[in-house]
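Undergrad: First the structure, then my questions, so here it is.
The values are calculated or read from the model by the stated rules, or taken from the named source; none is laboratory data. None of the values given here were measured: they were computed from a predicted structure. Here the Cβ is made from the backbone with ideal geometry for all residues, glycine too, and neighbour counts use every protein chain on show.
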Amino acid sequence: MTNDQLRHPSAGDHLPVDAPIRGSAPKETPLFELRNIQKRYGSFVALKDMDFYINRNEVIGLLGDNGAGKSTLVKMISGINPPTSGEIYVNGKRTEFRRRSDSEAAGIETIYQDIALVDSMSITRNIFMGREIVNKWGFMDHQKMEETAADILGSAVQISGIDDPRKEVGFLSGGQKQAVAIARAVHFKRNILLLDEPTSALSVRETEHLLGYVRNLKQEGTSSVLVTHNLYHAYMVCDRFVVMSHGTKVFEAEKKDTTIEELTDHVIRT
Ligand SMILES: Nc1ncnc2c1ncn2[C@@H]1O[C@H](COP(=O)(O)OP(=O)(O)OP(=O)(O)O)[C@@H](O)[C@H]1O
Ligand SMILES: [Mg+2]
């Protein structure tokens with residue numbers, strides 16, 4: 001098969017012929033797809049000619065140097081950063097992603113790089129913010145939420161020192177805050193989990209636990225997109241890699257068709 005045939009059909013049309021992107025066409029209708037996306041902040045072009053898809057049962061490594069546009073893309077998939085132009089498909093159906101509720105409806109949860117927690121609220125309130133558990137009279141069921149919070153804090157990343165979900169987030173360490181953000185996303189995820197540098201504040205043990213968890217999620221039917229600067233972590237858990245540079249995709253390959261050396265080369269070359 002030639003590189004051209006391997007290319008995602010929507011990926012290469014606008015590219016110069018002498019710059020083919022090696023990649024893989026989706027084998028089935030993707031769970032989620034972005035086509036020909038542009039994102040401008042004023043006159044600054046943060047994403048251009050960007051194509052990206054997420055299949056069922058896969059873990060994608062989204063790689064690239066600082067400022068490549070990875071977080072911009074993640075926020076777009078999570079609905080909080082609508083594209084300036086381009087198309088979005090969920091299960092092959094054209095749709096608009098204009099606000100967080102659009103991605104929530106599609107079963108997408110995100111662990112953001114710039115962790116969005118409210119310091120003055122408890123761990124439990126942070127986890128259930130906007131999705132509170134209510135009792136049959138419509139009042140918040142604090143006990144149920146606290147029990148659930150305690151439960152899920154131990155699920156994805158076993159982090160030490162979080163003993164009471166009523167504790168204010170402002171008193172937690174960076175790693176503990178990251179664990180709360182992870183626990184929240186993991187609890188509500190259904191189809192897709194986006195992880196934007198989720199291990200930056202975690203210890204080696206916690207990182208291993210989270211990466212193992214992402215692998216297991218695949219078995220349970222949740223696909224993940226892992227953004228990381230650690231290519232070893234990415235290589236350990238991902239099935240496919242997309243490398244971005246200057247707001248666009250510069251390389252794409254399935255794990256079986258690439259190596260850490262080749263990925264490193266593409267990340268640092270650009
Ligand atoms: N709200 C914004 N307004 C203006 N420019 C922005 C905004 N958000 C991001 N950018 C710019 O878009 C570019 C891509 O940023 P982005 O955060 O997506 O990079 P990244 O690949 O996630 O980088 P890193 O690895 O450092 O997290 C950067 O040049 C950044 O300055
Ligand atoms: Mg980023």
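Undergrad: Output the qualifying pairs, or none if there are none: Cβ atoms under 7 angstrom, residues six or more apart or on different chains, first residue in region 32-54 and within 14 Å of Val225 (Cα to Cα) and among the β-branched types (Val, Ile, Thr), second residue more than 14 Å from ligand 1 (Cβ to nearest atom) and not in a strand (DSSP E or B).
TA: Note: pairs meeting the criteria are Ile54/Pro30; Ile54/Leu31.
Undergrad: Look at Ser103 and say whether it is away from ligand 2 (no atom under 16 Å from the Cβ), of a type in the set (Ser, Thr, Tyr), within 23 Å of Gly247 (Cβ to Cβ) and crowded, with 21+ Cβ neighbours inside 10 Å.
TA: Against the criterion (away from ligand 2 (no atom under 16 Å from the Cβ), of a type in the set (Ser, Thr, Tyr), within 23 Å of Gly247 (Cβ to Cβ) and crowded, with 21+ Cβ neighbours inside 10 Å), Ser103 qualifies.
Undergrad: So, in region 201-241, how many residues would count as being part of a helix (DSSP H, G or I), small (Gly, Ala, Ser) and away from ligand 2 (no atom under 16 Å from the Cβ)?
TA: Qualifying residue count, region 201-241: 1.
Undergrad: Determine, yes or no, whether Leu193 is buried (at least 19 other Cβ atoms within 10 Å of the Cβ), among the hydrophobic types (A, V, I, L, M, F, W, C) and over 28 Å from Glu33 (Cβ atoms).
TA: no
Undergrad: Now for a separate question. So, in region 67-80, exactly how many residues are more than 12 Å from ligand 2 (Cβ to nearest atom) and either surrounded by 21 or more Cβ atoms within 10 Å (Cβ to Cβ) or polar (S, T, N, Q) (or both)?
TA: 4
Undergrad: Of these, Thr258, Thr248, which one is modelled with pLDDT of 95 or more and within 17 Å of Met76 (Cα to Cα)?
TA: Of Thr258, Thr248, the one residue that is modelled with pLDDT of 95 or more and within 17 Å of Met76 (Cα to Cα) is Thr248.
Undergrad: Under 8 Å by Cβ, and 6 or more places apart or on different chains, what pairs join a residue from region 83-103 that is without any contact (Cβ under 8 Å) to a residue 12 or more places away in the chain with one that is among the acidic types (Asp, Glu) and not in a helix (DSSP H, G or I)?
TA: Arg94/Glu87
Undergrad: Let me ask something additional. For region 46-66, which positions are within 16 Å of ligand 2 (Cβ to nearest atom) and either among the small types (Gly, Ala, Ser) or not in a loop (DSSP other than H, G, I, E, B) (or both)?
TA: Of everything in region 46-66, those that are within 16 Å of ligand 2 (Cβ to nearest atom) and either among the small types (Gly, Ala, Ser) or not in a loop (DSSP other than H, G, I, E, B) (or both) turn out to be Ala46, Leu47, Met50, Phe52, Ile60, Gly61, Leu62, Leu63, Gly64.
Undergrad: Also: Please give the helices (runs of 4 or more DSSP H) falling wholly within region 79-191 in which 2 or more residues are in contact with a helix residue (DSSP H, G or I) (Cβ under 7 Å, 6 or more places away or on another chain).
TA: 123-128, 142-153, 174-188
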